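Asker: Below is a structure I'd like to ask you about.
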Amino acid sequence: MSLKILHPPPPVSDTERPPPRWAIRLAYALPLLLLPSCLWRLPFALHFEMGQIQDVGMPPYWVSVPYVLGLSVLTEATAILAIGLVRGWGEVAPGWMPLIGGRRVRPLAAVVPAVVGGLVLTVLFTDLPLSDGRRLTVYGVVDTVDYSHDAWEALATVCVAPTSLWGPVTIALALAYHRRRRATPHTGGCPAAPAGG
């Protein structure tokens, strides 16, 4: 028995129409892109500040542990849901789901939440650097966090920077899903001859 960590592309029979290879790769890469930020966040649950210099104290453990763990799990679960945009379970609801199990998923029922979510993620995780250690965010101009050493700041940047791709990747996957689902399925037959010709 061999352990398969990397999945091969789904067979053509898994989806009504095969998704583009770039979409498959992006969908499977998204949870891996977000994993460094989730792992980087975990020490904060135990009040290890990862080199950050903060004036505000840390919350008690009964708040920080469930919050940080829950946020990391929610991030990865949401990223894994994006795989449904390139797999068959994004087109037909799995049978174990109550009420909708086994039914076809309407394309807009997947596209609209994915695009809206992608837009929200883009706004939340995109900021513009300004001078004097400030950044322009959706919340206004905010001060950046200071670090005790440049190595801590570099580690934070490497781990957290991929989250800015989360929204645009989700939108791209949703648009590819919409394009694929609205197209008529290929039947394999010859096209009909034009009338009157």
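Asker: Karplus couplings for region 25-32 from phi (6.51 cos²θ - 1.76 cosθ + 1.60, θ = phi - 60°), rounded to Hz, Gly and Pro as x?
Answerer: Rounded to whole hertz, the list is 5, 5, 4, 6, 7, 4, x, 6.
Asker: Okay, next question. Run the accessible area of the chain with a 1.4 Å probe and give the carbon-and-sulfur part as a rounded percent. Mind dumping the intermediate values first?
Answerer: Numbers: 9020 of 13220 Å².
Carbon with sulfur: 68 percent of the solvent-accessible area.
Asker: To continue, here is another question. If a/c stays under 1.5 just call it rounded; otherwise compare a/b with b/c (prolate if a/b is bigger, oblate if not). Do that for region 67-173, with a ≥ b ≥ c from the square roots of the Cα gyration tensor eigenvalues. Mind dumping the intermediate values first?
Answerer: Numbers: a/c = 3.25, a/b = 2.29, b/c = 1.42.
Because a/c hits 1.5 or more and a/b exceeds b/c, region 67-173 counts as prolate.
Asker: Taking amide H atoms as placed 1.01 Å from N in the peptide plane, list the residues 5 or more away in sequence, or in a different chain, whose amide H sits under 5 Å from that of V92.
Answerer: Those qualifying (amide H under 5 Å, at least 5 residues apart or on another chain) are V105.
Asker: Relative to a virtual label point 7 Å from the Cα of S164 in the Cα→beta-carbon direction, which members of region 27-52 show backbone nitrogen distances below 16 Å?
Answerer: Within reach of a label on S164, which here means backbone N under 16 Å from a point 7 Å along Cα→Cβ, region 27-52 contributes 34, 37.
Asker: Tell me whether the chain comes out rounded, prolate or oblate; compute the Cα gyration tensor, take square roots of the eigenvalues as a ≥ b ≥ c, and use a/c under 1.5 as the rounded threshold.
Answerer: Numbers: a/c = 2.63, a/b = 2.07, b/c = 1.27.
Prolate shape, in that a/c is at least 1.5 and a/b is the bigger ratio.
Asker: In addition: Can you give me the long-range amide H partners of R134? Hydrogens built in the peptide plane at 1.01 Å from N, cutoff under 5 Å, separation of 5 or more residues or another chain.
Answerer: Counting only residues 5 or more places away or on other chains, the set is T144.
Asker: Continuing with this model, one more query. Please turn the phi angles of region 101-118 into ³J(HN,Hα) values with the Karplus equation 6.51 cos²θ - 1.76 cosθ + 1.60 (θ = phi - 60°), one per residue in order, whole Hz, x for glycine and proline.
Answerer: x, x, 8, 5, 7, 5, x, 5, 5, 9, 6, 4, x, 5, 5, 4, x, x
Asker: List the relative contact order of region 38-154 as a percent without decimals, with contacts defined as Cα pairs under 8 Å and 6+ residues apart. If you can, show how the numbers build up before the last one.
Answerer: Numbers: 97 pairs, mean separation 28.2, N = 117.
That works out to 24 percent.
Asker: With every protein chain kept in the model, how would you rank Y177, Y61 by accessible area, 1.4 Å probe, largest at the top? All intermediate terms of the calculation are to be shown ahead of the outcome.
Answerer: Details: Y177 0, Y61 120 Å².
So the residues, ranked largest to smallest area, are Y61, Y177.
Asker: Ok, one more. About the Cα centre of the chain, how large is the charge dipole given +1 on each Lys and Arg Cβ and -1 on each Asp and Glu Cβ? Please answer in debye to the nearest 20.
Answerer: Details: 15 positive and 12 negative charges, 287 e Å.
Rounded to the nearest 20 debye, it is 1380 debye.
Asker: With an 8 Å Cα cut-off and a minimum separation of 6 or more residues, compute the relative contact order for the chain in percent. Don't jump to the answer; show the numbers that get you there.
Answerer: Numbers: 211 pairs, mean separation 57.0, N = 197.
Relative contact order, the chain: 29 percent.
Asker: For the chain, take the longest principal axis of its alpha carbons; what is the angle in degrees between that and the long axis of helix 166-182, to the nearest 10 within 0 to 90?
Answerer: Long axis of 166-182 versus the principal axis of the chain: about 10 degrees.
Asker: So for region 87-161, taking the charge dipole from beta-carbon charges (+1 Lys/Arg, -1 Asp/Glu), which of T144, S131, C159 sits furthest toward the positive end?
Answerer: C159
The values are calculated or read from the model by the stated rules, or taken from the named source; none is laboratory data. What you see is a predicted model, and the numbers here were worked out from it, not measured in a lab. Glycine also receives a Cβ, built like all others from the backbone with ideal geometry; neighbour counts cover every protein chain displayed. What goes into the accessible areas is simple: the full protein's heavy atoms, side chains included, and nothing from ligands, DNA or RNA. Shrake-Rupley method; radii C 1.70, N 1.55, O 1.52, S 1.80 Å.
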